[in-house]
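Structure first, then comments.
The values are calculated or read from the model by the stated rules, or taken from the named source; none is laboratory data. Please read these numbers as outputs of a predicted model, since none were measured by experiment. So basically every Cβ, Gly included, is an ideal-geometry build from the backbone, and we count neighbours across all protein chains shown.
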Amino acid sequence: MISEEPADLQATIEQTDSGQQQYVLRALCDHLSGIREELSGIRTLLEASHAASEAMRGQAQAYLEAQQARTQEYLEQVQIEPEPDFYPFVELPAGTEPRDLPDGNRLFTLPDGMILRTTDDQRICVIDGGEQQVITPGPGTAIEVAPGRLYTLVESYLSATQEAAGISGLPAGIEPTAMGAERFAVDLPEGIRLDVDHRERFITLINPAGPIDIIGIGRIEGIGETIAVRLLSAGAKGFQCGQSDHGGLIEADGTIHLGLKSGLDLVVRFQGEAIDDGAPENGCSGQCGIDCEERT
């Protein structure tokens, strides 16, 4: 038989449990209150830091705007001199005065009084001490206007069209270079260089292996190799280079049809009339009108 607990004992137990819960709740409230105060302090610090950052940003922006305004005022007051244009020269001495001429050429007065003037044929006329001379550029883009006094020309100034050089059939992207009065040069594939001389009416092939071939209606010469020549009808002549294996045909008017070993076919047409300098002809020219020989 189970006896019931006395009523006063049960009340004591309930009162004891309620007291412990209140203690725990009170401690938790105190802890949460402390956290809230800490968060409030952190928020205050963050707000103060943000306000300080905004103030600094505003000051920096105001400083930059003030500096920009001062710089603009300075630039408006100062006249900036443009860079001197020395084309077709890469560079000339400081103090050189360039001037454009009515005919499209340019004149340069150097600080020491020397005068340089461009010409229509990509040469440079030099006037110094009352004397005048015309200088042909070379080698490359260098030009010596006085002994030991070299300047460099812009490469594009010496470039020429295929029509001006009288060469047709060049690969795309390859253009001749003016080397002086009526003289042009072009670098061909496989390291071959072709020079065209309109005044003397011949071409020169400089081969990377060494042989040099000079070919024209009045002169066929192989340096380092033999060139076989055959007479054709109407005054034309055929030629075949022994080592470099170039070949072709020369018309009576001097036009050269050139076939390179690589398969590239070119035609060179000379400008103007042939010049007879009265010089005696050598080799077999007395029989066939051609000066052909081999040099080693």
Could you count how many residues in the range 111-124 are more than 18 Å from residue 93 (Cβ to Cβ) and either surrounded by fewer than 16 Cβ atoms within 10 Å (Cβ to Cβ) or free of Cβ contacts under 8 Å to residues at least 24 places away in the same chain (or both)?
3
Test: residue in the range 155-166 that is buried (at least 19 other Cβ atoms within 10 Å of the Cβ) and modelled with pLDDT of 90 or more:
yes
Among the residues of the range 167-187, how many are aliphatic (A, V, I, L, M), touching a residue at least 24 places away in the same chain (Cβ under 8 Å) and surrounded by fewer than 20 Cβ atoms within 10 Å (Cβ to Cβ)?
2
Tell me, please, whether a residue that is in a strand (DSSP E or B), modelled with pLDDT of 65 or more and either at positive phi or not aliphatic (A, V, I, L, M) (or both) can be found in the range 259-277.
yes
For a quick check of your reading of the model, give me the residue pairs whose first member lies in the range 74-94 and is part of a loop (DSSP other than H, G, I, E, B), whose second is at pLDDT below 85, with beta-carbon atoms closer than 7 Å and at least 6 apart or on different chains.
88/157
Which numbered condition residue 112 fails, given (1) at pLDDT 90 or above; (2) part of a loop (DSSP other than H, G, I, E, B); (3) within 30 Å of residue 205 (Cα to Cα); (4) of a type in the set (D, E, K, R)
(3)
Of (1) within 25 Å of the chain's Cα centre (by Cα); (2) surrounded by fewer than 13 Cβ atoms within 10 Å (Cβ to Cβ); (3) modelled with pLDDT under 85; (4) not aromatic (Phe, Trp, Tyr), residue 142 satisfies all except one. Which?
(3)
Within the range 87-94, identify whether any single residue is among the hydroxyl-bearing types (Ser, Thr, Tyr) and closer than 27 Å to residue 137 by Cβ, and answer yes or no.
yes
Would you check if there is a residue in the range 133-146 being within 29 Å of residue 259 (Cα to Cα), of a type outside the set (Ser, Thr, Tyr) and touching a residue at least 12 places away in the same chain (Cβ under 8 Å)?
yes
The lone exception for residue 122 - which of (1) under 25 Å from the mean Cα position of the chain (by Cα); (2) at negative phi it fails:
(2)
Going through (1) surrounded by 10 or more Cβ atoms within 10 Å (Cβ to Cβ); (2) modelled with pLDDT under 90; (3) not polar (S, T, N, Q) one by one, residue 87 fails only at (2)
In the range 176-252, which strands (runs of 3 or more DSSP E) lie fully inside it and hold 2 or more residues that are within 28 Å of residue 139 (Cα to Cα) and either of a type outside the set (A, V, I, L, M, F, W, C) or touching a helix residue (DSSP H, G or I) at 6+ places or on another chain (Cβ under 7 Å) (or both)?
177-180, 183-187, 193-197, 212-216, 219-223
